[in-house]
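Contents: one structure, followed by commentary.
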Amino acid sequence: MPLSEVRRKAQPPNFSQVEFRNALGMFATGVTIVTARTPEGQLVGLTANSFNSVSLAPPLVLWSLARAAASMSAFSTGSHYAINILGADQKALARRFATRGVDRFADVQFVEGVGGAPLLAGAAATFECFNRSRYEEGDHVIFVGEVERCTHRAGASPLLFHGGKFYTEHPL
Ligand SMILES: Cc1cc2nc3c(=O)[nH]c(=O)nc-3n(C[C@H](O)[C@H](O)[C@H](O)COP(=O)(O)O)c2cc1C
């Protein structure tokens, strides 16, 4: 292809936002709650399924946060956060941490991880991350975390999310 024909810009989408969301919803994921503690001691946390692994050496993971999120300033300025992979029995927590105007941490048991980030009791796995880098893309910011510590509960069943609904694991 001659250089003059190389497209340097994507064409505008030929699909609606609803169609895009529905197509994305075909990708089944686990569910996480990403948590942190601000320098003032305030606990922050939200439900996120944009989590993914990036690199084994060094150990890197990523997740993305909507620019409009209330927790944006806490996560963009803090040195550490924790990613809690939810267990199958933590659906109520997943809903609560996606709801505004409620006390998300009420009666939630946790221990403090690196930088004070809450490690939620009953999580299937936890990743304690140094807030390594951030990339602004579209209406989200991609966070890359360098994992300083991680734990998991061997044999735990994870909570799953697909097509806008929560599921529990059913091995084929
Ligand atoms: C299953 C599920 C997955 C979600 N994943 C994300 C995500 O990856 N990133 C994000 O910014 N919001 C995600 N949300 C929405 C946030 O949890 C929700 O907007 C929350 O209120 C944001 O909290 P904040 O505004 O206090 O920061 C998800 C919600 C649900 C139910």
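The values are calculated or read from the model by the stated rules, or taken from the named source; none is laboratory data. Just so it is clear, the model here is predicted, and its values are computed rather than measured. Note that we place each Cβ from the backbone using ideal geometry, even for glycine, and neighbour counts take in every protein chain shown.
Quick look at the numbers
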item	result
Residue check for S133: of a type outside the set (D, E, K, R) and without any contact (Cβ under 8 Å) to a residue 40 or more places away in the chain	yes
Selection from the range 141-171 of residues that are more than 22 Å from A121 (Cα to Cα) and of a type in the set (F, W, Y)	F143
Residue count, the range 151-172 (criterion: hydroxyl-bearing (S, T, Y) and either surrounded by 15 or more Cβ atoms within 10 Å (Cβ to Cβ) or within 23 Å of A117 (Cα to Cα) (or both))	2
Looking only at the range 48-61, and only at residues there that are surrounded by fewer than 19 Cβ atoms within 10 Å (Cβ to Cβ) and in a strand (DSSP E or B), the one that is farthest from the ligand (Cβ to nearest atom)	S55
Counted residues, the range 8-38 - those being surrounded by 11 or more Cβ atoms within 10 Å (Cβ to Cβ) and touching a residue at least 24 places away in the same chain (Cβ under 8 Å)	13
Residue satisfying condition, being at pLDDT 95 or above and in contact with an Asp or Glu (Cβ under 9 Å, 6 or more places away or on another chain), within set R37, R21	R37
Test for E148: is it touching a helix residue (DSSP H, G or I) at 6+ places or on another chain (Cβ under 6 Å) and either exposed (fewer than 14 other Cβ atoms within 10 Å of the Cβ) or modelled with pLDDT of 95 or more (or both)	yes
Number of positions in the range 136-172 that are among the small types (G, A, S), farther than 28 Å from D107 by Cβ and in contact (Cβ under 8 Å) with a residue 60 or more places away in the chain	1
Selection from the range 62-111 of residues that are hydroxyl-bearing (S, T, Y), within 22 Å of A125 (Cβ to Cβ) and near the ligand (Cβ under 7 Å from one of its atoms)	S64, S71
Number of positions in the range 123-145 that are crowded, with 19+ Cβ neighbours inside 10 Å and in a loop (DSSP other than H, G, I, E, B)	2
Single residue of L65, L86 found to be of a type in the set (A, V, I, L, M, F, W, C), modelled with pLDDT of 95 or more and farther than 18 Å from H162 by Cα	L65
Test for A121: is it near the ligand (Cβ under 9 Å from one of its atoms), of a type in the set (A, V, I, L, M, F, W, C) and free of Cβ contacts under 8 Å to residues at least 24 places away in the same chain	no
